[in-house]
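Trainee: If you scroll down you'll find the structure; I have some questions about it.
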Amino acid sequence: MKIMKLVLVFSLLMCSSNALCQPTCCLRTLAVLPIDSTGLSSPFESPIHHDCATSDCHPYSIMSLEGMDELRKIVDEIGKLYGADLDPEAQKIVSQLLDLDYLFRGELVALEGAEGPTSYTLNIEFFDHHRGQIVKDGRTSWTGSASDGNDAVRALATTFLPLDELMLDYERIPETATLRPARDPIEAGDTMTVNISNLVDAKKRSSQPWQWILAKANIGKILNGTPQAEGFRRFEVGDGSIDLRYRAPDECKKQTEMIAIYNTCNNDSKTVVNLIPENTIAVTTFEIHCEPKPIWTGTVTYTRSYIKIEKQQGPNNSTVKTNEIVSEKADFEIHGWPFSHSYEGSVGTDLYYEGDEGSLTGSYSGTYKKITTIQSSEGQGTITDTAFCQATIRDSGYLVINNEELRSYLELGLSFVDEDPCRGQTVYSGLRGSHTMDFDWDQLETFAGMGFLESSIPGRNPQTVSGSYSLPEWSITWTWNISFSGR
């Protein structure tokens with residue numbers, strides 16, 4: 001005798017079901033694998049069809065794979081008619097419609113005798129199409145001809161029923177969870193962890209690690225997870241413990257935050273980018289507080305103004321005379337620098353009060369003119385350099401207080417918002433004519449390196465810091481006046 005294997009060629013039937021209804025009802029599509037060549041198709045399909053029609057949830061709707069193939073052909077023909085491929089978004093929708101969640105697949109083994117087959121064994125697997133996992137398998141055998149196995153095949157089909165319970169027990173969609181914020185209340189602008197655990201299905205069994213959940217904060221932000229539509233974040237269940245990274249809004253006022261967790265019927269993230277939330281499975285609320293924080297605010301001013309006239313002997317008995325006029329002014333406003341950190345210095349402790357980007361703003365304007373006159377035996381020539389600069393300053397900075405030294409140190413960032421804040425030109429004129437070229441005044445680079453100011457303080461933990469700093473040789477003066485107050 002020899003063993004003969006018949007690998008079945010399946011004419012698939014589609015069975016779509018709102019099968020998972022306790023309490024989350026999810027649409028699932030599956031294909032039944034008929035046994036065409038042996039006449040065993042009907043006895044296997046009959047119990048499946050009956051289960052579809054009598055399911056506790058919405059009855060199954062059945063469509064053949066021939067219909068699916070026809071839909072694919074129609075879509076392809078539409079593309080050919082217009083001479084273009086189907087829009088990717090439309091193609092994605094079609095792929096989702098034609099995708100299967102589950103299928104039955106089988107193998108019929110015939111035991112071959114001297115005069116032909118004497119017995120048969122039918123192996124059937126109910127298969128998770130997305131993950132390649134066998135949900136349930138079954139086997140039946142009988143002697144005689146293939147048609148003698150109708151009752152055995154029908155009985156085998158019933159071992160998979162009811163299908164909605166089989167899928168529910170397999171998928172174990174999360175129905176409840178526990179949320180634990182690391183802190184309650186949390187300060188405005190702070191970040192913390194919110195732990196999700198105890199993700200279980202309706203029968204209190206741990207959810208499948210490949211299941212997905214969606215999380216959404218009402219007023220703050222969830223920082224991790226995969227971004228989804230409408231502000232949701234997607235997380236895989238994994239080992240059943242998930243840490244959300246949450247950030248409270250920066251606005252300084254008392255508020256109540258709510259974070260909600262949802263399950264989803266979408267169990268295949270490969271074809272679905274934005275998962276759809278179904279039922280709320282967990283909610284937590286906590287308070288957002290904002291205690292006024294003492295901060296430093298105030299103003300800083302920079303000025304530079306001078307007129308310089310020089311006359312000197314040049315080569316070949318020429319005379320060179322220069323007349324240089326410079327005028328600069330910058331006004332700064334410190335919007336709020338709270339305490340940041342401390343550092344043990346060589347003498348005492350340095351207390352740092354530091355602002356974020358944009359906590360220092362200001363404006364700068366500067367004019368420059370230099371006239372160089374050269375008088376020689378050939379005549380007179382003049383070189384005139386002029387420049388005008390106007391810029392907006394937006395940066396940050398910090399203040400250091402050392403109570404032991406009774407000193408303060410003020411550091412200003414001097415970054416310009418404008419890319420090209422200066423316009424300048426050089427004009428040459430003389431006996432042979434004149435011409436003009438661009439002039440680049442490098443004073444901005446010098447100015448940008450000046451923002452470190454030091455002064456004494458009147459006592460420990462001062463409420464005001466003020467001072468003035470001058471460089472007479474450069475005609476530069478800085479003045480500042482800042483105070484410590486509540487928000």
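Trainee: Could you give P(r) for the stretch 176-289, binned at 5 Å from zero, as whole percent values over all Cα-Cα pairs?
Mentor: All Cα pairs, binned at 5 Å, distribute as 2, 12, 24, 24, 18, 11, 6, 3, 0 percent.
Trainee: Over the Cα atoms of the stretch 309-409, what Rg and Dmax result, in angstrom?
Mentor: In order Rg, Dmax, the Cα atoms of the stretch 309-409 give 23.9, 68 Å.
Trainee: For the stretch 176-289, what's the relative contact order in percent, using C-alpha pairs closer than 8 Å and at least 6 residues apart?
Mentor: On the way: 276 pairs, mean separation 37.5, N = 114.
Averaging sequence separation for qualifying contacts and normalising by length gives 33 percent for the stretch 176-289.
Trainee: Sticking with this structure for a sec: Let's test this: bin the Cα-Cα distances of the stretch 295-485 at 5 Å from zero up to the farthest pair and state each bin's percent.
Mentor: 1, 7, 14, 15, 14, 11, 9, 7, 6, 5, 4, 3, 2, 1
Trainee: Then there's this: Cα centroids of the stretch 327-398 and the stretch 187-259: how far apart, whole angstrom?
Mentor: With the stretch 327-398 and the stretch 187-259 each reduced to a Cα centre, they are spaced 46 Å.
Trainee: Let me ask something additional. Keeping to pairs on different chains or 8 or more places apart, tell me how many lysine pairs in the stretch 176-289 have Cα atoms under 24 Å apart. Write out the running numbers ahead of the final one.
Mentor: Details: Lys204/Lys216; Lys216/Lys253; Lys216/Lys254; Lys216/Lys270; Lys221/Lys253; Lys221/Lys254.
Summing the qualifying lysine pairs gives 6.
Trainee: How big is the dipole moment of the stretch 176-289 about its Cα centre under a simple scheme where the beta carbon of each Lys and Arg is +1, that of each Asp and Glu is -1, and everything else is neutral? Debye, nearest 20, please.
Mentor: On the way: 14 positive and 14 negative charges, 40 e Å.
Value, rounded to 20: 200 debye.
Computed from the coordinates by the stated procedures, all read-outs in this text should not be read as laboratory data. Please read all numbers here as calculations on a predicted model, not as lab measurements. Don't worry about glycine lacking a Cβ; one is built from the backbone with ideal geometry, like all the others, and counts go over all protein chains shown.
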